[in-house]
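Participant: Sharing a structure below in C-alpha cells format, with a few things to ask.
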Amino acid sequence: MQSMLALWKETSHPRPALGSNIKRIMPPSRQAIVHAYRNLYRAGLRAVQYSSPARYGLRSKLRHAFSSETDPIPQPSAGGAPARTQRFPKTFSQTRIDNTIRFLNTAGTRLGMEHTIVKHLCFVEWRREISRLPRSTTVMKPSDWDTLSLIFDEYDDTIRMLNETMELELR
C-alpha cells in the first residue's frame with residue numbers, strides 16, 4: 001500500500017523543474033500603452049463631462065502616470081510640515097485599465113456613485129494645490145498643516161483601498 005501511494009504521488013503530481021514556476025512578465029507594447037492612454041483620456045473626459053477645470057487636471061494626471069519615468073510627485077506643504085510625495089505603480093495591468101475605463105464610462109453615462117466619486121476626486125485634487133487651500137497659507141499654523149496632511153493621507157489611503165478592492169487605477 002505504501003509503494004502504491006508513493007507511485008501515485010510521483011506520477012500524478014510531478015515536481016516542477018527548477019525555475020519553471022517563475023512567470024516571465026513581458027512589458028506591454030507601445031501600441032498597448034498608447035491605446036490605454038487614449039481610452040482612459042476619452043473615458044475620463046466623458047466622466048467629467050468636459051468641464052474646464054477637471055479636464056486639465058485629468059490630462060496632467062494621465063501625462064504623469066504614463067510618462068517614462070514615474071518619479072514621485074511632491075505635494076505642496078508650507079509652515080513646518082514636511083513635503084508629501086505621491087507614488088504611482090510602475091506596473092501596467094490591462095485588466096485594471098479596462099476596469100477603470102468601464103468605471104469612467106459608467107460615471108459619464110449616469111449620475112450614480114461612480115459619477116460622485118469622480119467628481120470628488122477632481123475636486124480634492126483641485127483643492128490640493130496650495131493656492132486653493134481652504135484658508136490663506138499665511139494664516140495657517142503648523143498644527144493646521146499637520147491636520148491637513150493627515151486628512152490628505154487618509155484620503156489617499158481610501159483611494160488606494162478602493163483601487164485594490166475594485167481593481168481600478170484611480171488617482
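The values are calculated or read from the model by the stated rules, or taken from the named source; none is laboratory data. In this text the structure is predicted, and so the values were computed from the model without any measurement. Neighbour counts run over all protein chains shown; Cβ positions are idealised from the backbone, glycine included.
Participant: Can you work out which of the residues in the range 96-114 that are assigned to a helix (DSSP H, G or I) and more than 17 Å from the chain's Cα centre (by Cα) is farthest from LEU170 (Cα to Cα)?
Facilitator: THR109
Participant: Tally time: how many residues in the range 28-66 are under 24 Å from GLU129 (Cβ atoms), of a type in the set (S, T, N, Q) and assigned to a loop (DSSP other than H, G, I, E, B)?
Facilitator: 2
Participant: Would you say LEU121 is within 15 Å of GLY44 (Cβ to Cβ) and at pLDDT below 95?
Facilitator: Yes, satisfied.
Participant: For the range 53-69, how many residues are within 20 Å of THR106 (Cα to Cα) and either free of Cβ contacts under 8 Å to residues at least 40 places away in the same chain or touching a strand residue (DSSP E or B) at 6+ places or on another chain (Cβ under 7 Å) (or both)?
Facilitator: Number of matching residues: 3.
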